[in-house]
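One structure is given below, encoded as structure tokens.
The values are calculated or read from the model by the stated rules, or taken from the named source; none is laboratory data. All values reported here derive from a predicted model rather than from experimental measurement. Methodologically, a virtual Cβ is constructed for each residue, glycine included, from the backbone with ideal geometry; neighbour enumeration extends over all protein chains shown. Side chains included, ligands, DNA and RNA excluded: accessible areas come from the protein's heavy atoms. Shrake-Rupley method; radii C 1.70, N 1.55, O 1.52, S 1.80 Å.
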Amino acid sequence: MKIIMLGAPGAGKGTQAKKIAGEYNIPHISTGDIFRANIKNGTELGMKAKTYMDQGLLVPDELVVDLVVDRVNQADCTDGYVLDGFPRTIPQAEALTEALKKLGQKVDYAIDVNVPDENIINRMSGRRACVGCGATYHMVYAPTKQEGICDTCGGELILRDDDKPETVGKRLNVYHEQTQPLIDYYTREGILHTVDGTIDIDDVFGAIVKLLEA
Ligand code: ADP
Ligand code: ADP
Ligand code: ZN
């Protein structure tokens, strides 16, 4: 089962991708997490990516595509995977389609988690990320048991720099210009499924399971 998550920043792609990965025992591959891990480790890729991420811009396609193609070719991906945050541009989608075609494979589901712009700023200002393990919470909708402390690893929670309101507006513009066209792309491929991302986290997941098992 090869799944792509689409949706605006803050729509809940990561939240749902982790639940899907857990339910179906397939890897969750988040390009945002991969870049943040590279930044934390001070790699060359991380340093390059950071200059774009801090501005709310997309990292150039050439820094992303090979990384993902290599990742989906690893042994743990043979039964499928859930891609979160990739593809984000038409060239990335085309590169993925081509790379999979060479292996005689294709993406099975593109799931668009639909949340209107009005809800996004609110979502992002409440999102908190663990500096230790990268787990994501929300101050209101997905709180930790103890305030400010990660349930999983006990790490400190922070508001991501790129989740500050001034950057979120820019990321939304980038989403509409560069990523939203993927909805048409995957509609044409015949694999697009849309779920309402404004309802409770568990209800969104219920809708996803229903479509995957239809
Ligand atoms: P969100 O959770 O808000 O959707 P991500 O964690 O997926 O954000 O991504 C954070 C940032 O990392 C993006 O704003 C972008 O700069 C960069 N990034 C992640 N994935 C990609 C990608 N596929 N192509 C280009 N840039 C990416
Ligand atoms: P994305 O990966 O699309 O950027 P996240 O999964 O990180 O989005 O979710 C963004 C924020 O909104 C997080 O703080 C998350 O806990 C919260 N969130 C996710 N889904 C929902 C939902 N259905 N209702 C309310 N809050 C949600
Ligand atoms: Zn943690």
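Candidates in region 114-141 are the residues that are in a loop (DSSP other than H, G, I, E, B) and open to solvent by 60 Å² or more (accessible area, probe 1.4 Å); of these, the one that is nearest to ligand 3 (Cβ to nearest atom) is Cys133.
Whenever a residue of region 109-121 is closer than 16 Å to Pro165 by Cβ, it has no partner that is within 16 Å of ligand 3 (Cβ to nearest atom) and assigned to a helix (DSSP H, G or I) lying with C-beta atoms less than 6 angstrom away and at least six residues away or across chains.
If you filter region 20-39 down to residues that are within 19 Å of Leu63 (Cα to Cα) and not hydrophobic (A, V, I, L, M, F, W, C), you find that the one that is farthest from ligand 2 (Cβ to nearest atom) is Asn38. Of the listed requirements (1) more than 27 Å from Ala214 (Cβ to Cβ); (2) within 18 Å of the chain's Cα centre (by Cα); (3) not small (Gly, Ala, Ser), Pro87 misses just one: (1). Selection over region 122-143 of residues that are in contact (Cβ under 8 Å) with a residue 60 or more places away in the chain and more than 9 Å from ligand 2 (Cβ to nearest atom) gives a count of 1.
Report yes if some residue within region 11-29 is out of contact with any strand residue (DSSP E or B) (no Cβ under 9 Å at 6 or more places or on another chain) and farther than 19 Å from Ala129 by Cβ; otherwise report no. Yes, some residue in region 11-29 is out of contact with any strand residue (DSSP E or B) (no Cβ under 9 Å at 6 or more places or on another chain) and farther than 19 Å from Ala129 by Cβ. Within region 1-24, the residues that satisfy the criterion of being crowded, with 22+ Cβ neighbours inside 10 Å and assigned to a loop (DSSP other than H, G, I, E, B) are Gly7, Ala8, Pro9, Gly10, Ala11, Gly12.
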